[in-house]
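Values in this text are rule-based calculations from the coordinates and carry no lab data. This is a predicted model, so every value here is computed, not measured. Cβ coordinates were reconstructed from backbone atoms using ideal geometry, including for glycine residues, and neighbour counts include every protein chain displayed.
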């Protein structure tokens, strides 16, 4: 692993940032003296894949809302992030459009009455496919980390699922747990 690998923690992305300004990714990168940007490449309604259906607790093929983004760190692509929402949560909202959301998706979800209370993440590794290598500007033999995240509300209903693909040689995941 290279010494300048980005150390990522999920906590900032699970609660709305105070003040509702900007986005969490940009703020996190700026706090470390870096530049974090994103490009929304697609947003709208799609049929749920088997993985998305499992994470969101819907039937495969049911309509869900997706926001597909490429995340950049200092103008270098560092993540492919697809965020999915049940149609009951996101249909007809800004989540189904390509415009940036002031204060981010977590703030909008909270304003809509959907607050995350529990998160489950699974991380796997595999070799990148050709499209991922192209989008992430990675070498042909580059592995990727794949993070599946589901956010559940106080009633244990899924309100968001993220499928994130990151170049393994430029990323480090950090988990901090507190008991009690």
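Here the Debye sum runs over all C-alpha atoms of segment 20-171 as equal scatterers in vacuum, and log10 of I(q)/I(0) at q = 0.09, 0.14, 0.18 Å⁻¹ comes out as -0.29, -0.71, -1.17.
Residue order for 140, 28, fewest other beta carbons within 10 angstrom first, comes to 140, 28.
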